[in-house]
Amino acid sequence: MCGGKGTRLDYDGEKPLFPVDGEPMVDRVLAALADSRVDRVYAVVSPHAPETAAHVDCPTVETPGEGYVADLQHALADERVTEPVVTVAADLPLLDAEAVDGVLDAHEAGSLTVATPTFLKSALGVSVDTTFVHDGEELAPAGVNVVGDGPDRTLVRDDARLAVNVNRREDAEVAERLLL
């Protein structure tokens, strides 16, 4: 998923192309997916990210750019995309193949929402924008999910690779420190 506006980042360019340690975030995510057991990758883009669409070296799915959920639904309606499908936000610069494969290993059936404890995000010093409570624990969506036909299950991972999504400049600074 790489078609958002990225307004909170305060960046003149497109958010997926924002460099973390000199490399666009979308390239880092695509490399993690390429090294994982995921067999096909599509970049879901929108009119808000034309440079990203031209930059990525994989097939794209064009969406209207009406927001994450609406664009995800649009992408899932594309005949090339078959469920179950792993969805990944382009703002996860620490993501690697091992983390992606761990999500695949945890998926049994249906949909899988991956989340990290908000205390981890706070301890790392990254922003927490959306939270929900699951089994009495406050969690934040991780930006990696599996969408499938059937019931939704939540997977909680105490993992910086999933907890650091870059929405603000400060988040990018944390990501760069952790990459060292």
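With no solvent and one point per C-alpha, what does the Debye sum give as log10 I(q)/I(0) for the range 52-136 at q = 0.20, 0.23, 0.25 Å⁻¹?
Here the Debye-derived log intensity ratios amount to -1.34, -1.48, -1.48.
Would you please calculate the Kirkwood hydrodynamic radius of the chain over all C-alpha pairs and express it in Å, rounded to one decimal?
Over the chain, the inverse of the mean reciprocal pair distance is 16.3 Å.
Within the chain, which is the longest segment that contains none of the GluC sites (Glu not before Pro) sitting in a DSSP loop with at most 10 other Cβ atoms within 10 Å? Could the numbers behind the result be given before it?
Values: sites that count: E79, E108.
Result for the longest clean stretch: 1-78.
How charged is the neighbourhood of H55? Take every other residue with its Cβ under 10 Å from the Cβ of H55, and add Lys/Arg as +1 and Asp/Glu as -1.
Every neighbour counted, the sum reads -4.
Using helices alone, I'd like the mean residue ellipticity at 222 nm for the chain: each DSSP H run of four-plus residues gives -39500 (n - 2.57), total over residue count, nearest 500.
It comes out at -9000 deg cm²/dmol, rounded to the nearest 500.
Summing +1 for each Lys or Arg and -1 for each Asp or Glu, what net charge is found among the other residues whose Cβ lies under 14 Å from the Cβ of V174? If you can, show how the numbers build up before the last one.
Numbers: positive: K121, R161, R168, R169, R177; negative: D21, D91, E170, D171, E173, E176.
That sum, taken over residues with Cβ under 14 Å, equals -1.
The range 127-180 to the range 67-121: how many Å between their Cα centroids?
With the range 127-180 and the range 67-121 each reduced to a Cα centre, they are spaced 11 Å.
On average over all directions, what projected area in square nanometres does the range 1-93 have, based on the convex hull of its Cα atoms?
Average of the hull's projected areas for the range 1-93 equals 5.8 nm².
For the range 100-180, compute the orientation-averaged projected area of the C-alpha convex hull (one quarter of its surface), in nm².
Over all viewing directions, the range 100-180 projects a mean Cα-hull area of 5.5 nm².
Local charge sum around V44 (other residues, Cβ-Cβ under 11 Å, Lys/Arg +1, Asp/Glu -1)?
Details: positive: none; negative: E62, D71, D78.
My count for the surroundings of V44 gives -3.
Which one of V133, V81, V166 has the biggest mean-square fluctuation once the chain is modelled by GNM with Cα springs under 10 Å?
V133
I need to check one value: relative contact order of the chain, counting alpha carbon pairs closer than 8 Å and at least 6 residues apart, in percent.
Numbers: 349 pairs, mean separation 43.8, N = 180.
Averaging sequence separation for qualifying contacts and normalising by length gives 24 percent for the chain.
Since every read-out is calculated from the coordinates, none of them should be taken as a lab result. What you see is a predicted model; the values in this text were computed from it and never measured. Neighbour counts are summed over all protein chains in view; Cβ atoms, including those assigned to glycine, are modelled from backbone coordinates with ideal geometry.
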